[in-house]
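The values are calculated or read from the model by the stated rules, or taken from the named source; none is laboratory data. Quick caveat: nothing in here was measured; it's all calculated off a predicted structure. FYI the Cβ positions are ideal-geometry reconstructions off the backbone, even for glycines, and counts take in every protein chain you see. For the accessible areas, the whole protein counts, side chains as well, though only heavy atoms, and no ligand, DNA or RNA atoms are used. Shrake-Rupley method; radii C 1.70, N 1.55, O 1.52, S 1.80 Å.
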Amino acid sequence: MIPFKSMLDEAGLNRQHIFDLARLPPDLLAPLGLGEHERQLILIGHAGRLLWERVQKHATDPVHPIDSYSIGVVEQWAALALPQARIRFVYPKGLPADRHIGLQRLGTLAGWHHPSPFMVGINARWGSWFAYRAAIIVDSELPASPVEDHGHPCVDCTAKPCIGACPASALDAGTMDMNACHRQRLLEASPCAYACPARQACPVGVEHRYDKSQVRHSGTGSLAAIGIRRLLKAS
């Protein structure tokens, strides 16, 4: 059990997993620039709607409210739960721009993440309505977390409503056609601009679905990134 778990849960950061660095694949660790004293990686995420409720109430950063809020909560938690430990963020801050932590791989190792046709992680409890919010490296020796795997719901899904719901037909071939997806999202008045119809059509974990304001917030960020990439390619 992670120490002071209730503090993170009540803040909306209700998914936590402790990894022993010695048991993680070397290529996953390579971008992290580990020090000899560092022993563990703690992955922190959220599932469901509570985080967004807390962010709307407490966040002060209008540009990156979720990241800033999550960092602040984790710092407060670490000061209480690991007062003697040295901690270092590797997500959403802490690494150089050219180095990235493999969040989805960590999620898979934790049992949280299975691939979905619409390229968002999914599991049988929360559906696709979860995300990775922070990762810290620590010199602690906490008990490593057991794998928490609620199963892969897509395996037994025969209806596959996500595929038919995609206006770009980007899922028809069985793998995501990212170019088709991006073209559709950049169209004027596109139904995909700020929310993915395929993701919305998935019935798994529907009771945990984000509210419209959170979906739009996330969609606005990803749409801007797509637009920037297109401009860079054209230049």
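Couple of notes before you dig in:
- Test for Glu36: is it out of contact with any Pro (no Cβ under 9 Å at 6 or more places or on another chain), in contact (Cβ under 8 Å) with a residue 24 or more places away in the chain and open to solvent by 20 Å² or more (accessible area, probe 1.4 Å): no
- In segment 4-24, the residues that are free of Cβ contacts under 8 Å to residues at least 40 places away in the same chain and part of a helix (DSSP H, G or I): Lys5, Ser6, Asp9, Glu10, Ala22
- Scanning segment 43-65 for residues that are within 18 Å of His100 (Cβ to Cβ) and in contact with a strand residue (DSSP E or B) (Cβ under 7 Å, 6 or more places away or on another chain) yields Leu43, Ile44, Gly45.
- Search result, residues across segment 1-33 that are in contact with a Gly (Cβ under 8 Å, 6 or more places away or on another chain) and either among the polar types (S, T, N, Q) or open to solvent by 50 Å² or more (accessible area, probe 1.4 Å) (or both): Asn14, Gln16
- The set of residues in segment 86-117 being among the aliphatic types (A, V, I, L, M), under 23 Å from Glu36 (Cβ atoms) and open to solvent by less than 30 Å² (accessible area, probe 1.4 Å) consists of Val90, Ile101, Leu106.
- Only one entry of Glu188, Glu207, Glu148 meets the criterion of being over 26 Å from Arg105 (Cβ atoms) and within 19 Å of the chain's Cα centre (by Cα), and that entry is Glu207.
- Residue, least open to solvent (accessible area, probe 1.4 Å), within segment 122-136, restricted to residues that are assigned to a loop (DSSP other than H, G, I, E, B) and in contact with a Gly (Cβ under 6 Å, 6 or more places away or on another chain): Trp129
- Residue satisfying all of: in segment 52-72; touching a Ser or Thr at 6+ places or on another chain (Cβ under 8 Å) and farther than 19 Å from Leu95 by Cβ; surrounded by the fewest Cβ atoms within 10 Å (Cβ to Cβ) among these: Thr60
- Check on Tyr210, in contact with a Lys or Arg (Cβ under 7 Å, 6 or more places away or on another chain), open to solvent by less than 30 Å² (accessible area, probe 1.4 Å) and in a loop (DSSP other than H, G, I, E, B): yes
- The listed residues are Cys192, Cys154, and the only one of them that is in contact with a strand residue (DSSP E or B) (Cβ under 7 Å, 6 or more places away or on another chain) and part of a loop (DSSP other than H, G, I, E, B) turns out to be Cys154.
Okay, residues lined up against (1) of a type in the set (S, T, N, Q); (2) more than 29 Å from Gly12 (Cβ to Cβ); (3) modelled with pLDDT under 95; (4) open to solvent by 50 Å² or more (accessible area, probe 1.4 Å):
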| position | (1), (2), (3), (4) |
| --- | --- |
| Pro146 | no, no, no, yes |
| Ala173 | no, yes, yes, yes |
| Asp177 | no, yes, no, yes |
| Ala193 | no, no, yes, no |
| Gly219 | no, no, yes, no |
